[in-house]
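Participant: Here it is, the structure, as structure tokens.
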Amino acid sequence: MLQIPMWPLLPKKRDDAAPSESASPKSPEEAAPIVARLRSHIEAKPQEPATYRVLGNVYCNLQDYKQAIGYYRKAIELSPNDADLHCYTGYAYQQMRSYPQALTSYQRALALRPTASLYDVLGDLCYLLGQHQQALVYYHAGLKLDPAGTHGHFNMAQILMAIGRPKDAIEHLEAVIARQPRAAEAYSDLGVAASLLGDHDRALANLKKAIKLDGRNAVFYHNYGIVLARQGKQKDAKAWLEKALKLDPQHPQTRRMLGIIQNGRIRAHTTKLDPPEGTTGKLTR
């Protein structure tokens with residue numbers, strides 16, 4: 001969700017590219033007999049890519065991504081046109097934060113089998129790397145294949161907000177709400193976009209909807225308080241920020257804004273919006 005303008009550049013966690021095979025032991029001890037059987041099978045039939053693939057999945061589920069990649073790459077040698085293998089390899093590289101290798105693997109998977117979910121995965125990775133324009137291209141391509149999808153709309157809105165296009169972001173947020181009318185985060189982000197455009201009444205209306213749908217989210221209260229502060233309603237703003245702080249006592253931005261209000265410096269901090277620094281942040285001025 002958006003909390004303007006200090007947005008840490010992190011996408012929503014997505015596991016669309018993660019292995020989905022059944023071999024999913026939770027510990028090395030539990031995995032040991034499975035690994036032994038699979039390795040024995042490889043000794044007997046070393047040219048079967050499926051065995052290497054399952055071994056890769058075992059190690060991926062154990063979060064031993066280096067081992068997983070080794071087995072996936074061996075499977076790819078035997079079956080180079082298997083899109084899933086390239087996708088799983090990309091996932092493992094991404095978990096290791098080897099992002100260039102992850103990007104290459106996902107792109108190879110996409111060339112073999114373009115799907116909406118894979119476009120979203122690539123969009124997410126480019127989003128993570130700050131490659132906003134390329135991320136928008138991938139999300140747009142995914143929406144062409146799956147017009148009813150909401151992930152691309154939601155993240156496109158966040159990117160558009162980050163690059164200073166809140167008016168364009170609104171279109172995508174409204175598309176999310178049309179498909180998921182109880183998506184509290186979309187209402188909150190719609191409120192943020194409206195606030196960036198100076199339409200504070202619309203911002204408050206959408207933030208109220210977000211709070212009604214999810215009354216435990218501190219971000220919504222924080223943003224509501226900041227919009228009130230921008231309207232010059234410092235006393236009301238302070239009350240809403242205090243509500244946010246009760247829900248998230250450690251949040252530094254909420255504490256900072258309360259300090260600004262209490263020190264009587266709020267007007268200087270509400271006359272303009274800072275330029276967005278990334279995505280998924282919090283209203284701070």
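Participant: May I ask you to work out the translational diffusion coefficient for segment 10-115 at 20 °C, viscosity 1.002 mPa s, via Stokes-Einstein with Rh from the Kirkwood sum over Cα pairs, reported in whole µm²/s? It would help to have the intermediate numbers written out before the result.
Facilitator: Values: Rh = 13.8 Å.
It diffuses with D of about 155 µm²/s by this estimate.
Participant: I need the trypsin sites (Lys or Arg not before Pro) found in segment 211-263, filtered to DSSP loop residues with at most 10 other beta carbons within 10 Å of theirs. Display every interim value, and only then the final one.
Facilitator: Details: sites: Lys212, Arg216, Arg230, Lys233, Lys235, Lys238, Lys243, Lys246, Arg255, Arg256; in loops: Arg216, Lys233.
Filter output for segment 211-263: Arg216.
Participant: Beyond 18 Å between alpha-carbons counts as too far, so tell me which of Lys208/Lys233; Lys212/Lys238; Lys212/Lys243 fall in that bin.
Facilitator: Working: Lys208/Lys233 16 Å; Lys212/Lys238 20 Å; Lys212/Lys243 14 Å.
Violating the 18 Å Cα-Cα cut-off are Lys212/Lys238.
Participant: Taking θ = phi - 60°, what integer Hz values does the Karplus form 6.51 cos²θ - 1.76 cosθ + 1.60 yield along segment 176-186, in sequence order, with x for Gly and Pro?
Facilitator: With coefficients 6.51, -1.76 and 1.60, one gets 4, 5, 4, 8, 10, x, 10, 7, 4, 4, 5 Hz.
Participant: Out of segment 43-142, which trypsin sites (Lys or Arg not before Pro) are coil in DSSP terms and have no more than 11 other C-beta atoms within 10 Å?
Facilitator: Arg97
Participant: Once the Cα atoms of segment 123-271 are picked out, what are the Rg and Dmax in Å?
Facilitator: 16.3, 53
Participant: What are the ³J(HN,Hα) values, in whole Hz, obtained from phi via the Karplus relation 6.51 cos²θ - 1.76 cosθ + 1.60 with θ = phi - 60°, for each residue of segment 165-172 in sequence order, with x given for Gly and Pro?
Facilitator: Per-residue couplings from phi come out as 10, x, 4, 5, 4, 4, 4, 6 Hz.
Participant: For segment 10-115: lysine pairs with Cα atoms under 21 Å, gap of 8 or more or different chains, count? Intermediate values should be presented prior to the final figure.
Facilitator: Numbers: Lys13/Lys26; Lys13/Lys66; Lys26/Lys66; Lys45/Lys74; Lys66/Lys74.
For segment 10-115, the number of qualifying lysine pairs is 5.
Each reported figure results from applying straightforward, stated rules to the coordinates on display, with no laboratory input. Keep in mind the model is a prediction, meaning the values are calculated, not measured. No Cβ is skipped: glycine too gets one built from the backbone with ideal geometry, and neighbour counts run over all protein chains shown.
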